[in-house]
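See below for the structure under consideration.
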Amino acid sequence: MNLRLKRSEAERGAALQSAVAFLIVAFGIFCSGCSEPVARSRKHQIASSSMAPRYFGPHYEAACQRCSRPTIVVAEAFDANLPARCFACGAVCEVNQQLKSGDTVNLTKVDLTEANQRGRLHRFDVVAFNVTPLDANLKGGHATQSTLKRVWAFPGEQIELRRGEGWINGRLLQKSLSELAEVCVPISCFPSDSISHWWLIDSTQNTARKAERIESRNSEDWNILQPSQQLQFRYERPSRDPVIAGLVPSSLVDDYPFNQSSTAELHRVHDFLVAIELMELPSTDWLVQLRLGRELYSVRFVSEQIDAPNRNVSASSAATLELRAARRVVVAICDERLLVATDIKEQVKSLGNLAPAEIDDVEQPLVTVSSNCSLTFKSIMVARDLWLGPRQNRSAVWKAAEDGDASGYFLLGDNLPHSIDSRDDAVDRIAAERIVGRIESEYDRDGEDWLSWLFSEKLKHY
């Protein structure tokens, strides 16, 4: 009796398993006949340097004939009849005219259905959209089926490009430090650019402080700042005069190191950041000063060794911040604010709203670092913000649709002089159905990973 019962239970179990297997196979056959399988990720070969320096398209490799510094010249900016200048010393670069292929990136499919248009993309995401025949026929158009740009405005938002900045629905778009780090263009890195841009101020001189280029120092102590010295960054750029093979003092402008042969109009840039990494924590306080026009803004990093228990580590004046010392710090003037972040958890400060500077003294340093003790640097990077402007003789305002339609996404390339994007009438806003994917961020913009990414990955693009 028990044996017969066990046998019938086993037969029913086997029959049930067979039925389930049949249903699974049938459902798979049905689904394969109804639709094509959708890949969540695919490779994308970059065919344009409109997103440089974040992502490079076809380009040429070059090397300075004076200092041997290697560099890149993007294909869109190269002109064999114009000299390519070294941004480290201003000398002429020798360009290897064998064209190199662009980067390859992974694109992740995004769901931009009507219910999810605001939820699946974030501002400053890099996305790929399908190129129409009209887009491809533009000068410098892309030969591929899709191209990369960055999201600046969502459907339903009005965007205006004014004074180099983006204004969303009439308000200045203020980037976070991690967002500035994402879009910024590196312009100098110490010590690799120590033969230019970087100067020593020696306070031990009796009559006047003596400025020396870092190249005059001994190689053993290139990265050490003594207590009697200040390290200064002064922006200089290659002369556009073909007769002058050197650097000239300049306001900070929207020049791109990889657009050396470009003759695009230059614009003054107000916003920049300095990222400093020390070999070890100093024993006393140290100071970083940034200049905006004729105004000087200071950040004092307070050493833990001398930090009194009741010391107030906060804003100490209208133009000064105090923070606990850290080995890695980022200080920036960004969208009318002074922003500071360090690798100490939750140590991010913002100082006021800074008035845009209309006057600039090119003889004055943009960045000054000083301390009462010796500082040993691992690296210092200076990078500038993008300068956003419309096409010449075209409107600077892109309004949201007035007929109730959600319009589309407003997309821009980072290499603005050589980007065909939403500023062009033939491209304009990009509808959601044309966006085929996005590049996943390598860090959490809302977390602390961006700081490590800035020091480790951003420098690779310089």
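The values are calculated or read from the model by the stated rules, or taken from the named source; none is laboratory data. Note that the structure is a prediction, hence the values are computed from the model and not measured. Reconstructed Cβ throughout: ideal geometry from the backbone, glycine too, with neighbour counts over all protein chains shown. Just the protein is used for accessible areas: all its heavy atoms, side chains included, with ligands, DNA and RNA removed. Shrake-Rupley method; radii C 1.70, N 1.55, O 1.52, S 1.80 Å.
With the simple model of a label 7 Å out from the Cα in the direction of the Cβ, Arg240 to Arg294 spans 2.7 nm.
Among the listed pairs Lys149/Lys378; Lys149/Lys175; Lys109/Lys349; Lys349/Lys378, give every one whose C-alpha distance is greater than 26 Å. Please report the intermediate quantities before stating the final value.
On the way: Lys149/Lys378 33 Å; Lys149/Lys175 18 Å; Lys109/Lys349 36 Å; Lys349/Lys378 24 Å.
Distance filter (> 26 Å) returns Lys149/Lys378; Lys109/Lys349.
For the pair Leu172 and Leu287, the difference between a 0.36 nm per residue extended length and the Cα-Cα distance amounts to 38.4 nm. Rolling a 1.4 Å probe over the protein chains gives Glu440 an accessible area of about 90 Å².
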